[in-house]
Structure formats: C-alpha cells, structure tokens
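Have a look at the structure below, then the notes.
The values are calculated or read from the model by the stated rules, or taken from the named source; none is laboratory data. Bear in mind that the values here come from a model prediction, so they are computed numbers and not experimental data. Neighbour counts are summed over all protein chains in view; Cβ atoms, including those assigned to glycine, are modelled from backbone coordinates with ideal geometry.
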Amino acid sequence: MSQAVLEGDTAAARNMDLLRFATAGSVDDGKSTLIGRLLYDTKSLFSDQLEAVEAVSAARGDEYTNLALLTDGLRAEREQGITIDVAYRYFATPRRKFIIADTPGHIQYTRNMVTGASTADLALILVDARKGIVEQSRRHAFLCSLLRVPHLVLCVNKMDLVDWDQAVYEQIRDEFTSFAAKLDVPDLTVIPISALNGDNIATRSENTPWYDGTSLLHHLEHVHIASDRNLVDVRFPVQYVIRPQSTTVTDYRGYAGQVASGVLKPGDEVMVLPSGLNSTIAGIDTADGPVDEAFPPMSVTIRLSDEIDISRGDMICRPHNAPKPVQDVEAMICWMDESAPLRVGGKYAIKHTTRGARAVVRGLQYRLDVNTLHRDESADGLALNEIGRVRLRTTVPLLADEYRRNRTTGGFILIDETTNRTVGAGMIIEAS
C-alpha cells in the first residue's frame, strides 16, 4: 500500500467526528453487556480478547459468552458481577469515532457516574423491562440533566424476557417521558433492545415490528452534536507555557491548552485575563503541524504577536466577549466524600479549568431530593452522593461562565486540602 494512501487514511481517521457517551442506569440493567455487544457487533475486538472472555464465561458456568466481562475489568467487579469504577472503551465505525464511559449503577458509586457523564455528548440510560423505572433510573436521568448532557437515549433492555410485549415498552416509555418533562432534557429517544441477543443494537430486530425507530448504533452514528458545542464565546484556559530548551530555537513561546469554546484563527484579536492585555494570534500549532483554526475540543499551542506575561491559569478570550473575574459563585454541588459531609464554613481547594484557588462555603440554600425534586431548605449539610445549591467565596477570582452556557468554564471540583481527595463536583449557576 502506498504512503499517500496510508497518510490519506490517517488524515480521514483524525478528522472523523467523535462522540462521547456514557451508560447509566440501575444495577443489573445490562450496561456492561450493552457495551460488550456494541464492541462485538462493530468488530472492535481482537480475537484474543474474545477468546479470553469465552474462557472466563465457561469457567464461571455461563451458558453464553458474557460480553459484560469486556468492561468489568476489576477483579471485584467480575467476582460480584457489577461495575464499580468508570470503564472507558473506544471503538469506531466508518462514520464516527466513539468513547464510551461505562458507569456504575450502585447508589454508593453515584459519584463515579457523575465523573463519567460530565464530558459526555450523550447518555444511554438502561431500564430492565421487567422492573420498569426505578429510583436509580430517575437519579441518573436527573444527574444527566444537571450535567447538561445534550442527548438522552432510554434503552428499554431485556425485552426478550417480557416476550417483546409492546404494552410494557410503551408504559415504560410514557412514564420516563413524563418524568423527563420536569427536567431540562432537550433531546430524548427511546429504543427497545436486548443487549444479550443483539436486538436493535447494530441492526433493526424482527422481534419489534411495532417499533418504527432506528437501531441504537444507527442513532449513535447520526445524532447531531456539532451544534451542541459553544462556538461563540472564545475561551482558552492556558495549561502550559512552551519554551523549547533547544539552542537552535530561541524565539518560540507558545501557550498550550484545550479549546473550551469558540473558534480561534491566526490574525484574531484576543485578550489575556486576568491582566487584560490585548494581542493578536500569530499562529496555532498542533502535534501534526500548524492549523488555520482551532475549536473545541482541540488541544493546541497558540502563539501571540506580542510578548505578554502569561502563565498557567490565565485565559485567552475575545476583548469584547470575556468572562468576568468572580469570587462569589452559586453552584449545584454533588458531594463525593464519604468520610466528611459538606458543611457551611468548610474550606476547600477549588480547581476551575487550569486555575487553582481556595474556597469557603458561605451558605447552603437547599438540598435536592433527586427522586421527587423536592428542595429541603432546612438542610445543614450534604452527605455522600447528595446534591445541593451552595454559595462559595474564593480567594482568587475565577474566570467563569454559567454552566448552562459553557460546561468547561462553568464546572469545577472541590478538593480536601488535607487528603488531596476530590470531595465535590460543582456546576456554576450564578457568578457575581
């Protein structure tokens, strides 16, 4: 095969659209099996992987090849038959590349589900057709809404165990649609499937003549995500300043990071925060060479025409469209620490984009019941996996946007300064 053909194939793969999606749902709803089926049906498995899964399935006494073993990688997960950690898997079709986050179903691992869904373009919520909508189904749907995942797909799984009863499917569909109407869910799709047998996964199944939608894989390949990204507000948090140590290159200064939103081009006038100094973009470099424009989620190095004192934590934006430096924020917090609850007056380290600071909890407005959406305004703290609205004061101004407008510059994490554990994930509602 010629070098030109190889380079063409590589360039095509590099420019292929990427969809990040997360699986969610209750325990034993079939999330890991569904991902295993997607990998199997798209021929994304090596022969030795499949042989290993077949051998383990036989050793466990399973009468079938347990595709869930492809993602349940921890020994504790295989022994218990559950997912504990977030498992990431990658596969591609001729139309699109995919990154899957297989998240846990147990309530005590809700924090892991938040981690997996925080960067997702789409979320698959699985429901066991025999059990219907349960507490975790609602919890995960609410969290996906809170994390502003743009697309939601409800997979009514194990339809083969209810004899492909259309009435069962429609009851679950209507109940979930009614609940989702109370949330901010811009796009909802419902698909009846059998992850174990592959019905409606890669191709339409003959067992659902009453279903007139597409297969799951077809939906994943064609769901429109380009308009989900914010291409208006230019936000480029500086992660690292590149100054080559080579004696042959002495005048190179670049600012590396990932484009959070907006489109950047050479010649554009930009402003650097918090200094407020203006410059123009001299060039944009990537690992594959210079590019004519950068957009999310590209990782690039930006060169400016002027020598400005810029360091990690600074932000490059437009002069007339810049985030306001803020120290007082109101945010929804998902608490992730099992050893100590969030309390008013608590002090934590805060990580926002590439900027670090310290923060104190000034107030807790309410704790939210994710099942009933009831607000408990008498709450005085947040325990593990609980969600509430809090007021924070930071020691250093944050260059923040509201989370509904920008998921990158509107999100942050809280860190226990003693143990260095991540104890909370926050989404900014209001910044002043």
Legend entry - All helices (runs of 4 or more DSSP H) inside segment 85-198 with 2 or more residues being modelled with pLDDT of 90 or more and buried (at least 19 other Cβ atoms within 10 Å of the Cβ): 166-180
Inset, instruction - Provide a single number: the residues in segment 160-194 that are in contact (Cβ under 8 Å) with a residue 60 or more places away in the chain and either outside the structural domain of residue 128 (by TED's automatic domain parsing) or among the β-branched types (Val, Ile, Thr) (or both). - result: 1
Inset, instruction - Could you list all residues from segment 380-399 that are buried (at least 19 other Cβ atoms within 10 Å of the Cβ) and touching a Leu at 6+ places or on another chain (Cβ under 7 Å)? - result: 382, 387, 388, 390, 399
Inset, instruction - May I ask you to list pairs of residues, at least six apart or on different chains, whose Cβ atoms are under 9 Å apart, with the first in segment 219-237 being under 21 Å from residue 20 (Cα atoms) and not assigned by TED's automatic domain parsing to the domain that holds residue 356 and the second being among the hydrophobic types (A, V, I, L, M, F, W, C) and part of a helix (DSSP H, G or I)? - result: 220/38
Legend entry - Yes/no for residue 282 being over 17 Å from residue 399 (Cα atoms), in a strand (DSSP E or B), of a type outside the set (D, E, K, R) and free of Cβ contacts under 8 Å to residues at least 24 places away in the same chain: yes
Legend entry - Condition check for residue 314: surrounded by fewer than 19 Cβ atoms within 10 Å (Cβ to Cβ) and either of a type outside the set (A, V, I, L, M) or in contact (Cβ under 8 Å) with a residue 60 or more places away in the chain (or both): no
Inset, instruction - Check segment 408-416 and report whether any residue there is of a type in the set (S, T, N, Q) and within 17 Å of residue 336 (Cα to Cα). - result: no
Inset, instruction - Name, by its number, the condition in (1) under 30 Å from residue 274 (Cα atoms); (2) of a type in the set (D, E, K, R); (3) within 22 Å of the chain's Cα centre (by Cα) that does not hold for residue 221. - result: (1)
Inset, instruction - Answer with yes or no whether residue 415 is in contact with a Ser or Thr (Cβ under 7 Å, 6 or more places away or on another chain) and either buried (at least 19 other Cβ atoms within 10 Å of the Cβ) or touching a residue at least 12 places away in the same chain (Cβ under 8 Å) (or both). - result: yes
Inset, instruction - Could you figure out which of (1) in a loop (DSSP other than H, G, I, E, B); (2) touching a residue at least 60 places away in the same chain (Cβ under 8 Å); (3) touching a strand residue (DSSP E or B) at 6+ places or on another chain (Cβ under 7 Å) isn't true of residue 350? - result: (1)
Legend entry - Check on residue 305, polar (S, T, N, Q), under 22 Å from residue 262 (Cβ atoms), under 22 Å from the mean Cα position of the chain (by Cα) and not assigned by TED's automatic domain parsing to the domain that holds residue 134: no
Inset, instruction - Could you grab the pairs with beta carbons closer than 6 Å, sequence gap of 6+ or different chains, first residue in segment 117-134 and under 15 Å from residue 89 (Cα atoms) and of a type in the set (Gly, Ala, Ser), second one buried (at least 16 other Cβ atoms within 10 Å of the Cβ) and at pLDDT below 90? - result: 117/22; 117/144; 117/147; 120/22; 123/22; 123/24; 123/117; 123/144
